[in-house]
Amino acid sequence: MADADEIAAWDGEADTFDVVADHGLRDPAVRGAWRELLLGVLPEPPARVADLGCGTGTLSVLLAESGFEVDGLDFSPRMIARAEQKANGPDGLDGLRFTEADVFDPPLAEATYDVVLCRHVLWAMPDPAVALGRWLRLLTPTGRLLLVEGRWSNGVGLSAEHTVRLVEEAGRTAALTRLVDPAFWGRRIDDDRYLVVGTDW
């Protein structure tokens, strides 16, 4: 569970979080790359998505704009406040909700989501296997898990092989896609970033 220091640290990141190209998706090319990637592995809208560790809500908003119903969760009040600002925009977005909550044990109804999406969150969990088991309980029988993760050049994170193993040990089939194209990050990268899709078929 998140402690006060962790929450304060992420609150402190909120105002500048979106400066990074893949966080804010302000560059149309970067935004388009993520939209194409996600829509290529998601079920048809209006599928229901739990975006766990949503940060400033960039992916939640992207998916809501594409017709999905999205619940975004994050334990940082400042991140949630920024996400709500995006969601409320000029016209607001139907089917999009943000909740302040710790995603290690998300307070969401089990077996009600078509998709659980987590970007750069699993690596930070106190016990990734336990977190993964809790997240999978949120899915319907035909639901799918989307994990965008990485092991960065500073040694932090999870290797692709480790994440695949965690998903398979949880009883899911894991499909790995390495995200090496600079279009996703707004620059060339020299570390291991990837998408793992976990399904029950």
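Only the coordinates and a few stated rules stand behind these numbers; no lab work does. These figures come from a predicted structure and were not determined experimentally. As a convention, Cβ positions derive from the backbone with ideal geometry for all residues, glycine included, and neighbour counts pool all protein chains shown.
Quick look at the numbers
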read-out	value
Helix-only mean residue ellipticity at 222 nm for the chain, each DSSP H run of n ≥ 4 adding -39500 (n - 2.57), per residue, nearest 500	-9000 deg cm²/dmol
Long-range HN-HN contacts of THR99 with modeled amide H, under 5 Å	GLY72, LEU73, ASP74
Cβ-based net charge around TYR113, under 11 Å, with every Lys or Arg adding one and every Asp or Glu removing one	-2
Matching label, Rg/Rh (Cα atoms, Kirkwood Rh) computed from the structure shown, candidates [x] 0.92; [y] 1.05; [z] 0.95	[x]
Most to least packed among 4-12, 16-24, 68-76 [average Cβ atoms within 10 Å]	68-76, 16-24, 4-12
Computed magnitude of the charge dipole of the chain (debye, nearest 20; Cβ of K, R +1, Cβ of D, E -1)	500 debye
